[in-house]
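Undergrad: Dropping a structure here in C-alpha coordinates format, bear with me for questions.
The values are calculated or read from the model by the stated rules, or taken from the named source; none is laboratory data. Nothing here was measured: the structure is a model prediction, and the numbers come from that model. Glycine also receives a Cβ, built like all others from the backbone with ideal geometry; neighbour counts cover every protein chain displayed. Heavy atoms of the whole protein, side chains included, go into the accessibility calculation; ligands, DNA and RNA do not. Shrake-Rupley method; radii C 1.70, N 1.55, O 1.52, S 1.80 Å.
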Amino acid sequence: MKAVRIHAFGGPEVVTYEDMPTPTPKENEVLFKVTSTSMNYADVQWRRGNYVDRTLPATLGREAAGIIEAVGPGVTSLKVGQPIMARAPGGHAEYAIAQVDNAFPCPAGLDMAQAGGIPIVFLTAYHLLQSLKSLQPGDTVLVQAAASGVGTILVQLCKQWGYRSIATASTEAKLELARSLGADVTINYITHDFESEVMRLTQGAGMQLALEAVGGEVTIKSMRCLAPFGCLVNYGNASNQPATLPLPSFREQRAAMGFSLPAMSPRYDNQAPMAEILDLIMAGKVRLIVDQVLPLSEAAKAHAHLSNRGTLGKVLLIP
(Lines give C-alpha, C1' and ligand atoms only; values in the text may rest on other atoms or scores of the structure.)
Protein backbone atom coordinates (compact mmCIF):
# COMPACT_ATOMS: atom_id res chain seq x y z
CA MET A 1 0.00 0.00 0.00
CA LYS A 2 0.97 3.66 -0.25
CA ALA A 3 1.52 5.58 2.98
CA VAL A 4 2.71 8.97 4.23
CA ARG A 5 5.95 8.43 6.13
CA ILE A 6 8.85 10.22 7.77
CA HIS A 7 12.38 8.86 8.20
CA ALA A 8 13.68 11.95 9.99
CA PHE A 9 12.22 14.87 11.92
CA GLY A 10 12.03 18.28 10.31
CA GLY A 11 10.00 20.47 7.99
CA PRO A 12 7.42 19.42 5.39
CA GLU A 13 10.29 18.30 3.14
CA VAL A 14 10.82 15.17 5.29
CA VAL A 15 7.32 13.88 4.45
CA THR A 16 7.41 11.06 1.90
CA TYR A 17 4.76 9.07 0.03
CA GLU A 18 5.98 5.52 -0.39
CA ASP A 19 5.17 1.83 -0.59
CA MET A 20 5.01 -0.29 2.54
CA PRO A 21 3.40 -3.63 3.49
CA THR A 22 -0.32 -3.63 4.19
CA PRO A 23 -0.76 -4.36 7.92
CA THR A 24 -2.60 -7.36 9.34
CA PRO A 25 -5.12 -6.87 12.16
CA LYS A 26 -4.25 -8.37 15.54
CA GLU A 27 -6.57 -9.29 18.39
CA ASN A 28 -9.37 -6.73 18.83
CA GLU A 29 -8.25 -4.80 15.74
CA VAL A 30 -9.76 -4.18 12.31
CA LEU A 31 -8.11 -3.40 8.98
CA PHE A 32 -9.97 -0.92 6.79
CA LYS A 33 -9.51 0.56 3.31
CA VAL A 34 -9.25 4.30 3.83
CA THR A 35 -11.74 6.57 2.05
CA SER A 36 -10.60 9.74 3.84
CA THR A 37 -8.17 10.84 6.50
CA SER A 38 -7.23 14.25 7.84
CA MET A 39 -4.51 16.49 9.17
CA ASN A 40 -4.35 17.44 12.84
CA TYR A 41 -1.83 19.80 14.40
CA ALA A 42 -0.58 16.73 16.24
CA ASP A 43 0.72 15.49 12.87
CA VAL A 44 2.81 18.65 12.53
CA GLN A 45 4.19 18.19 16.04
CA TRP A 46 4.90 14.51 15.34
CA ARG A 47 6.77 15.40 12.14
CA ARG A 48 8.82 18.02 14.01
CA GLY A 49 9.84 15.49 16.66
CA ASN A 50 7.98 17.20 19.50
CA TYR A 51 6.32 14.02 20.79
CA VAL A 52 7.59 11.61 23.41
CA ASP A 53 7.40 8.78 20.86
CA ARG A 54 10.31 9.48 18.54
CA THR A 55 10.35 6.10 16.78
CA LEU A 56 11.48 6.30 13.15
CA PRO A 57 10.49 5.62 10.47
CA ALA A 58 6.86 6.39 11.22
CA THR A 59 3.58 6.42 9.31
CA LEU A 60 1.76 9.67 10.02
CA GLY A 61 -1.92 10.25 10.69
CA ARG A 62 -4.16 10.00 13.74
CA GLU A 63 -7.60 9.24 12.29
CA ALA A 64 -9.32 7.95 9.18
CA ALA A 65 -12.54 6.52 7.78
CA GLY A 66 -13.17 3.66 5.41
CA ILE A 67 -14.56 0.19 4.80
CA ILE A 68 -13.51 -2.79 6.91
CA GLU A 69 -11.44 -5.29 4.92
CA ALA A 70 -10.54 -7.77 7.68
CA VAL A 71 -11.11 -8.28 11.40
CA GLY A 72 -8.68 -9.70 13.94
CA PRO A 73 -9.32 -12.43 16.49
CA GLY A 74 -11.95 -11.60 19.09
CA VAL A 75 -13.76 -8.97 17.02
CA THR A 76 -17.53 -9.52 17.14
CA SER A 77 -19.02 -6.02 17.13
CA LEU A 78 -17.75 -5.05 13.65
CA LYS A 79 -17.76 -6.93 10.36
CA VAL A 80 -16.12 -6.95 6.94
CA GLY A 81 -17.74 -4.46 4.55
CA GLN A 82 -18.90 -2.14 7.32
CA PRO A 83 -18.12 1.60 7.02
CA ILE A 84 -16.34 3.05 10.05
CA MET A 85 -14.38 6.06 11.19
CA ALA A 86 -11.67 5.64 13.76
CA ARG A 87 -8.87 7.06 15.80
CA ALA A 88 -6.14 5.28 13.90
CA PRO A 89 -2.42 6.01 14.39
CA GLY A 90 -0.85 5.60 10.96
CA GLY A 91 -4.09 6.65 9.27
CA HIS A 92 -2.35 8.52 6.43
CA ALA A 93 -2.27 5.43 4.24
CA GLU A 94 -4.40 3.45 1.80
CA TYR A 95 -5.15 0.93 4.57
CA ALA A 96 -5.17 1.48 8.32
CA ILE A 97 -5.54 -0.45 11.56
CA ALA A 98 -7.87 0.56 14.39
CA GLN A 99 -8.60 -0.92 17.77
CA VAL A 100 -12.25 -1.90 18.11
CA ASP A 101 -12.76 0.53 21.02
CA ASN A 102 -11.57 3.40 18.82
CA ALA A 103 -13.69 2.48 15.77
CA PHE A 104 -17.16 3.95 15.30
CA PRO A 105 -19.78 2.63 12.85
CA CYS A 106 -20.84 5.23 10.27
CA PRO A 107 -24.58 5.75 9.82
CA ALA A 108 -26.13 5.52 6.38
CA GLY A 109 -25.88 8.84 4.58
CA LEU A 110 -22.71 10.06 6.29
CA ASP A 111 -20.25 11.47 3.74
CA MET A 112 -17.32 9.03 3.84
CA ALA A 113 -15.13 11.63 2.10
CA GLN A 114 -15.45 13.77 5.25
CA ALA A 115 -15.84 11.11 7.94
CA GLY A 116 -12.06 10.76 8.28
CA GLY A 117 -11.93 14.25 9.80
CA ILE A 118 -14.59 13.70 12.46
CA PRO A 119 -13.33 11.52 15.35
CA ILE A 120 -10.57 13.57 16.97
CA VAL A 121 -11.96 17.10 16.75
CA PHE A 122 -15.51 16.15 17.69
CA LEU A 123 -14.57 13.88 20.60
CA THR A 124 -12.06 16.43 21.88
CA ALA A 125 -14.61 19.25 21.73
CA TYR A 126 -17.26 17.04 23.33
CA HIS A 127 -15.10 16.19 26.34
CA LEU A 128 -13.80 19.75 26.75
CA LEU A 129 -17.37 20.98 27.17
CA GLN A 130 -19.09 18.00 28.79
CA SER A 131 -16.65 15.90 30.78
CA LEU A 132 -14.23 18.20 32.63
CA LYS A 133 -16.40 20.89 34.24
CA SER A 134 -20.12 21.13 34.91
CA LEU A 135 -21.48 23.99 32.82
CA GLN A 136 -24.94 25.52 32.93
CA PRO A 137 -26.82 27.19 30.04
CA GLY A 138 -25.72 30.80 29.91
CA ASP A 139 -22.21 30.12 31.24
CA THR A 140 -19.42 31.80 29.27
CA VAL A 141 -16.70 29.85 27.47
CA LEU A 142 -13.50 31.32 26.01
CA VAL A 143 -12.60 29.49 22.79
CA GLN A 144 -9.05 30.30 21.71
CA ALA A 145 -8.12 29.67 18.03
CA ALA A 146 -11.79 29.43 17.12
CA ALA A 147 -11.09 28.78 13.41
CA SER A 148 -9.05 25.65 14.11
CA GLY A 149 -10.44 22.15 13.67
CA VAL A 150 -11.40 21.79 17.33
CA GLY A 151 -12.28 25.48 17.67
CA THR A 152 -14.92 25.39 14.94
CA ILE A 153 -16.62 22.45 16.67
CA LEU A 154 -16.42 24.06 20.11
CA VAL A 155 -18.20 27.17 18.84
CA GLN A 156 -20.98 25.09 17.29
CA LEU A 157 -21.45 22.92 20.38
CA CYS A 158 -21.52 25.98 22.66
CA LYS A 159 -24.41 27.32 20.61
CA GLN A 160 -26.12 23.91 20.55
CA TRP A 161 -25.88 23.46 24.32
CA GLY A 162 -26.70 27.02 25.32
CA TYR A 163 -23.29 28.34 26.42
CA ARG A 164 -22.14 31.87 25.57
CA SER A 165 -18.92 31.72 23.56
CA ILE A 166 -16.21 34.36 23.27
CA ALA A 167 -14.06 33.27 20.32
CA THR A 168 -10.57 34.48 19.43
CA ALA A 169 -8.70 34.32 16.12
CA SER A 170 -5.98 36.19 14.24
CA THR A 171 -7.76 37.41 11.08
CA GLU A 172 -11.10 38.87 10.10
CA ALA A 173 -11.79 35.85 7.86
CA LYS A 174 -11.36 33.52 10.83
CA LEU A 175 -13.53 35.72 13.04
CA GLU A 176 -16.24 35.83 10.38
CA LEU A 177 -16.20 32.03 10.23
CA ALA A 178 -16.57 31.86 14.03
CA ARG A 179 -19.51 34.26 13.92
CA SER A 180 -21.17 32.25 11.15
CA LEU A 181 -20.92 29.15 13.36
CA GLY A 182 -22.61 30.86 16.28
CA ALA A 183 -19.90 32.65 18.28
CA ASP A 184 -21.57 35.26 20.49
CA VAL A 185 -18.54 37.58 20.61
CA THR A 186 -15.25 37.54 18.70
CA ILE A 187 -11.84 39.03 19.50
CA ASN A 188 -8.92 39.58 17.14
CA TYR A 189 -6.00 38.70 19.39
CA ILE A 190 -3.52 40.37 17.02
CA THR A 191 -5.11 43.82 17.24
CA HIS A 192 -6.55 43.54 20.76
CA ASP A 193 -5.36 42.19 24.09
CA PHE A 194 -7.73 39.28 24.57
CA GLU A 195 -7.39 39.32 28.36
CA SER A 196 -8.48 42.96 28.62
CA GLU A 197 -11.29 42.39 26.12
CA VAL A 198 -12.62 39.34 27.96
CA MET A 199 -12.72 41.19 31.27
CA ARG A 200 -14.41 44.17 29.61
CA LEU A 201 -17.00 42.00 27.89
CA THR A 202 -17.80 40.15 31.11
CA GLN A 203 -17.86 43.36 33.20
CA GLY A 204 -14.89 42.05 35.15
CA ALA A 205 -16.62 38.79 36.09
CA GLY A 206 -14.51 36.49 33.91
CA MET A 207 -15.28 33.15 32.28
CA GLN A 208 -16.53 29.86 33.66
CA LEU A 209 -14.34 27.90 31.23
CA ALA A 210 -11.31 28.80 29.09
CA LEU A 211 -10.14 26.38 26.39
CA GLU A 212 -6.79 26.77 24.64
CA ALA A 213 -4.17 24.68 22.83
CA VAL A 214 -1.38 27.22 22.37
CA GLY A 215 0.55 27.06 25.63
CA GLY A 216 3.04 29.63 26.92
CA GLU A 217 1.75 33.14 27.51
CA VAL A 218 -1.69 32.30 26.10
CA THR A 219 -2.16 29.73 28.87
CA ILE A 220 -1.14 32.23 31.55
CA LYS A 221 -3.37 35.03 30.23
CA SER A 222 -6.31 32.64 29.74
CA MET A 223 -6.01 31.63 33.40
CA ARG A 224 -6.38 35.29 34.39
CA CYS A 225 -9.63 35.46 32.40
CA LEU A 226 -11.36 32.99 34.71
CA ALA A 227 -14.14 33.77 37.15
CA PRO A 228 -13.81 32.40 40.70
CA PHE A 229 -14.27 28.62 40.52
CA GLY A 230 -13.62 28.82 36.77
CA CYS A 231 -11.52 26.26 34.95
CA LEU A 232 -8.76 26.49 32.33
CA VAL A 233 -8.17 23.48 30.09
CA ASN A 234 -5.07 23.25 27.93
CA TYR A 235 -5.35 20.60 25.21
CA GLY A 236 -2.24 21.31 23.13
CA ASN A 237 1.01 23.25 22.94
CA ALA A 238 1.22 24.74 19.46
CA SER A 239 3.74 27.35 20.64
CA ASN A 240 6.05 24.71 22.17
CA GLN A 241 6.50 27.18 25.05
CA PRO A 242 6.13 26.22 28.72
CA ALA A 243 3.60 27.96 30.94
CA THR A 244 4.18 28.67 34.63
CA LEU A 245 0.86 29.39 36.34
CA PRO A 246 1.15 31.64 39.40
CA LEU A 247 0.09 30.12 42.70
CA PRO A 248 -2.26 33.04 43.57
CA SER A 249 -4.48 32.00 40.65
CA PHE A 250 -5.24 28.76 42.45
CA ARG A 251 -5.75 30.53 45.78
CA GLU A 252 -8.49 32.51 44.04
CA GLN A 253 -10.46 29.29 43.51
CA ARG A 254 -9.45 28.82 39.89
CA ALA A 255 -8.52 25.45 38.45
CA ALA A 256 -6.29 24.34 35.56
CA MET A 257 -5.98 20.98 33.89
CA GLY A 258 -4.75 19.36 30.71
CA PHE A 259 -6.63 17.15 28.29
CA SER A 260 -5.43 14.69 25.66
CA LEU A 261 -7.80 12.38 23.84
CA PRO A 262 -5.14 9.65 23.26
CA ALA A 263 -4.25 9.77 26.96
CA MET A 264 -7.80 9.00 28.10
CA SER A 265 -8.11 5.78 30.06
CA PRO A 266 -8.78 2.78 27.80
CA ARG A 267 -11.55 1.94 30.26
CA TYR A 268 -13.49 4.98 29.05
CA ASP A 269 -16.02 4.10 26.36
CA ASN A 270 -16.28 6.78 23.66
CA GLN A 271 -19.04 4.96 21.78
CA ALA A 272 -21.87 6.83 23.58
CA PRO A 273 -20.34 10.30 23.07
CA MET A 274 -19.74 9.51 19.40
CA ALA A 275 -23.33 8.30 18.99
CA GLU A 276 -24.52 11.62 20.44
CA ILE A 277 -22.20 13.52 18.10
CA LEU A 278 -23.38 11.58 15.04
CA ASP A 279 -27.00 12.30 15.92
CA LEU A 280 -26.20 16.03 15.87
CA ILE A 281 -24.29 15.73 12.59
CA MET A 282 -26.99 13.71 10.83
CA ALA A 283 -29.64 16.18 12.07
CA GLY A 284 -27.65 19.02 10.49
CA LYS A 285 -27.11 20.77 13.84
CA VAL A 286 -23.30 20.68 13.68
CA ARG A 287 -20.90 20.07 10.81
CA LEU A 288 -17.27 19.48 10.01
CA ILE A 289 -15.65 22.64 8.62
CA VAL A 290 -13.39 21.72 5.71
CA ASP A 291 -10.59 24.04 4.69
CA GLN A 292 -9.03 21.96 1.88
CA VAL A 293 -9.29 18.51 0.32
CA LEU A 294 -6.01 17.16 -1.10
CA PRO A 295 -4.83 13.84 -2.51
CA LEU A 296 -3.02 11.71 0.07
CA SER A 297 0.05 11.93 -2.16
CA GLU A 298 0.18 15.69 -1.43
CA ALA A 299 0.45 15.29 2.34
CA ALA A 300 3.66 17.35 2.39
CA LYS A 301 1.69 20.27 0.94
CA ALA A 302 -0.92 19.81 3.67
CA HIS A 303 1.83 19.91 6.30
CA ALA A 304 3.17 23.19 4.92
CA HIS A 305 -0.33 24.69 4.84
CA LEU A 306 -1.16 23.69 8.41
CA SER A 307 2.25 24.80 9.67
CA ASN A 308 1.56 28.30 8.34
CA ARG A 309 -1.50 28.51 10.63
CA GLY A 310 -3.69 29.73 7.79
CA THR A 311 -6.35 27.01 7.89
CA LEU A 312 -10.04 27.52 8.54
CA GLY A 313 -11.22 24.14 9.80
CA LYS A 314 -9.84 20.77 8.71
CA VAL A 315 -7.57 19.65 5.88
CA LEU A 316 -8.74 16.31 4.43
CA LEU A 317 -6.60 13.80 2.53
CA ILE A 318 -8.10 11.35 0.04
CA PRO A 319 -6.19 8.20 -1.08
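Undergrad: If a/c stays under 1.5 just call it rounded; otherwise compare a/b with b/c (prolate if a/b is bigger, oblate if not). Do that for the stretch 21-118, with a ≥ b ≥ c from the square roots of the Cα gyration tensor eigenvalues. Kindly include the intermediate steps, with their values, before the conclusion.
TA: On the way: a/c = 2.22, a/b = 1.41, b/c = 1.57.
Because a/c hits 1.5 or more and a/b fails to exceed b/c, the stretch 21-118 counts as oblate.
Undergrad: Applying a 10 Å radius around every beta-carbon, put 95-105, 284-294 in order of their mean neighbour count, most first.
TA: Packing proxy ranking, top to bottom: 95-105, 284-294.
Undergrad: Averaged per residue, what accessible surface does the stretch 270-314 expose to a 1.4 Å probe, in Å²? Could you put the intermediate results ahead of the total?
TA: Values: 2030 Å² over 45 residues.
Value for the stretch 270-314: 45 Å² per residue.
Undergrad: Another question about this same structure. Of all DSSP beta bridges in the chain, what percent run antiparallel (nearest 5)?
TA: Values: 31 of 56 bridges.
If I count the DSSP bridges inside the chain, around 55 percent turn out antiparallel.
Undergrad: For the stretch 94-173, what is the convex hull volume of the alpha-carbon atoms per residue, in Å³?
TA: Residue-normalised Cα hull volume stands at 145 Å³.
Undergrad: Using only alpha carbons, build the gyration tensor for the stretch 210-293 and give me the equivalent ellipsoid semi-axes, biggest first, whole Å.
TA: Values: eigenvalues 175, 55, 40 Å².
Largest first, the stretch 210-293 gives 30, 17, 14 Å.
Undergrad: Work out, in µm²/s and without decimals, the Stokes-Einstein translational diffusion coefficient of the chain at 20 °C, 1.002 mPa s, Rh from Kirkwood over C-alpha pairs. Each step should come with its number before you reach the end.
TA: Details: Rh = 20.1 Å.
Result for D is 107 µm²/s.
Undergrad: Related question: Tell me the volume per residue, in Å³, of the convex hull enclosing the alpha carbons of the stretch 41-180.
TA: Values: hull volume 22.8 nm³, N = 140.
Hull volume over Cα atoms, normalised by residue count, gives 163 Å³.
Undergrad: Okay, next question. Quick one: accessible area per residue over the stretch 28-96, 1.4 Å probe, rounded to a whole number of Å²?
TA: That works out to 38 Å² per residue.
Undergrad: Can you tell me the alpha carbon radius of gyration of the stretch 170-317 divided by the globular rule-of-thumb value 2.2 N^0.38 Å?
TA: Numbers: Rg = 17.8 Å, N = 148, 2.2 N^0.38 = 14.7 Å.
Normalised Rg, Cα atoms only: 1.21.
Undergrad: Something else: Out of residues 5 or more away from residue 227 or on other chains, whose amide H comes under 5 Å of its own, with H placed 1.01 Å from N in the peptide plane?
TA: The answer is 207, 208.
Undergrad: Using the structure shown, list the pairs from 2/33; 221/314; 285/314 with a Cα-Cα distance above 22 Å, or answer none. Please list the in-between numbers first.
TA: Numbers: 2/33 12 Å; 221/314 27 Å; 285/314 18 Å.
In this structure, 221/314 lie more than 22 Å apart at Cα.
Undergrad: Among rounded, prolate and oblate, which fits the stretch 206-251 when a ≥ b ≥ c are the square roots of the eigenvalues of its C-alpha gyration tensor, a/c under 1.5 means rounded, and a/b larger than b/c means prolate?
TA: oblate
Undergrad: What ranking, highest mean first, results for peptides 216-224, 29-37, 50-58 when packing means the other Cβ atoms within 10 Å averaged over each residue?
TA: Values: 216-224: 19.9, 29-37: 23.8, 50-58: 11.0.
Answer by packing, highest mean first, reads 29-37, 216-224, 50-58.
Undergrad: At 1.4 Å probe size, with the rest of the protein present, what percent of the exposed accessible area of the chain is carbon and sulfur atoms?
TA: Details: 7200 of 13500 Å².
Reported share for carbon and sulfur atoms: 53 percent.
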